[in-house]
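Okay, so here's the structure we're looking at.
Computed from the coordinates by the stated procedures, all read-outs in this text should not be read as laboratory data. For clarity, every value in this text was computed on a predicted model and none was experimentally measured. FYI the Cβ positions are ideal-geometry reconstructions off the backbone, even for glycines, and counts take in every protein chain you see.
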Amino acid sequence: MFEAIVDPHFGKNAARYRAITALLVSGLYYLNMYQAVNGSIFCGLDMKSEEGRNEVKEAVKFLIEQAYRNL
């Protein structure tokens, strides 16, 4: 997928976008594991509530948009 879609779009910055994607994906995995094992509150956001999860979704959307604009 990266080679066919992402790499042509970002060109010389493709590796940077891959790194950003890796951080986002691993962070989301961690949040899911954290709330299942340690509790639902992380950085003041309730990961088990719709409101808390929506905040995370909006933050991810913002970060991806910034990456597209600035890479």
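If you average the C-alpha positions of the range 1-35 and of the range 54-71 separately, how far apart do those two centres end up, in angstrom?
The two parts, judged by their Cα centres, are 12 Å apart.
Using only the alpha carbons of the chain, what is the convex hull's orientation-averaged projected area in square nanometres?
Averaged projected area of the chain's Cα convex hull equals 5.2 nm².
In degrees from 0 to 90, rounded to the nearest 10, what is the angle of the helix 50-70 Cα long axis to the longest principal axis of the chain?
Computed tilt is about 20 degrees.
For the range 33-70, state which trypsin sites (Lys or Arg not before Pro) are in a DSSP loop and have at most 16 other beta carbons lying within 10 Å of their beta carbon.
Here the sparse-neighbourhood loop sites are 48.
Given the Cα-Cα distance of residue 48 and residue 4 and 0.36 nm per residue of separation, how much length would full extension add, in nm?
12.3 nm
Round to the nearest 0.05 the FRET efficiency obtained for residue 68 and residue 28 when R0 = 22 Å and r is the Cβ-Cβ distance.
0.75
For Cα pairs less than 8 Å apart in space and 6+ apart in sequence, what is the mean separation divided by the residue count of the chain, i.e. the relative contact order in percent?
25
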